[in-house]
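Data block below; observations after.
The values are calculated or read from the model by the stated rules, or taken from the named source; none is laboratory data. Everything numeric in this text was worked out from a predicted model, so none of it was measured. Here Cβ is always computed from backbone atoms with ideal geometry, including for glycine, and neighbour counts include all displayed protein chains.
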Amino acid sequence: MSKEINTEEKIKQAAKEVFMAKGFDGCSTREIAKVAGMNVALVNYYFRSKQQLFKLIYQAASEDLVNSMVEVFSQEMPLEDKVRQVIERQYAFLTRHPELPGFIVSSMNRGEDHTLEQSEFFEKVRTTGIFEECLKAQAEGYMRPVNMYSLTLLIMSNCDFPFMSMRMMQGVHCASEDEIKAGIVQHKEVVIEMLINYLFPKNQK
């Protein structure tokens, strides 16, 4: 049994590496098998198809990303601190998994059935009551009146895009990978200050 589990995990790890780098259409089961150090028949035995393997990797990646937000939104703390902390957590998480935002977006854009599970993952965010908390704060004048669509885009785009654009920024600024990573650390502070000041203007002195 332990050998089977080890084999499955090796295949999944290889698939994650290949899918993250090349997406679904950019790779083959044969390439995944090669990275895993196995033959194609063994990969198909455990996971039936590249589609099934992709679905498992996609679901796991989406769930990891959502859980990092749910943990923050479920805590008892001022709303301003939740926004600040979720940005901190997202940057820390994406620093460890910089390929994840691009992988999830490209996966969703494929428009296939497995992407529908995304709504189930983000239902976890909604059930924390964070949107109702924001609307209440807006009604009380504590938070700027911003619709939930725009609020979601403000946070996600400012957290995700710096990692999705790392290679582009290397070219634009003729910078090394380490310099770009250092720039992202500094940019995180800019994002926090910008969004906190924008969303909670009456709270600033």
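Some values worked out for this structure:
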read-out: Qualifying residue in segment 82-91 (condition: under 23 Å from the mean Cα position of the chain (by Cα) and farther than 30 Å from LYS202 by Cβ); value: no
read-out: Among residues of segment 132-147, those that are on the phi > 0 side of the Ramachandran plot and either at pLDDT below 90 or assigned to a helix (DSSP H, G or I) (or both), counted; value: 0
read-out: From ALA61, ALA33, residue being modelled with pLDDT under 90 and of a type outside the set (S, T, N, Q); value: ALA61
read-out: Selection count where residues are part of a helix (DSSP H, G or I) and under 21 Å from LEU153 (Cβ atoms), scope segment 167-205; value: 17
read-out: Candidates SER157, SER150, filtered to the one that is surrounded by fewer than 12 Cβ atoms within 10 Å (Cβ to Cβ), of a type outside the set (Val, Ile, Thr) and outside any loop (DSSP other than H, G, I, E, B); value: SER150
read-out: Members of segment 62-108 found to be surrounded by 20 or more Cβ atoms within 10 Å (Cβ to Cβ), small (Gly, Ala, Ser) and within 22 Å of THR128 (Cα to Cα), listed by number; value: SER62
read-out: Residue in segment 10-29 that is more than 24 Å from the chain's Cα centre (by Cα) and over 25 Å from ILE104 (Cβ atoms) present; value: no
read-out: Residue count, segment 38-51 (criterion: surrounded by 13 or more Cβ atoms within 10 Å (Cβ to Cβ) and not basic (Lys, Arg)); value: 8
read-out: Cβ pairs under 7 Å, 6+ apart, first in segment 5-27 and among the basic types (Lys, Arg), second assigned to a helix (DSSP H, G or I); value: LYS10/ALA36; LYS12/LEU56; LYS12/ILE57; LYS16/ILE57
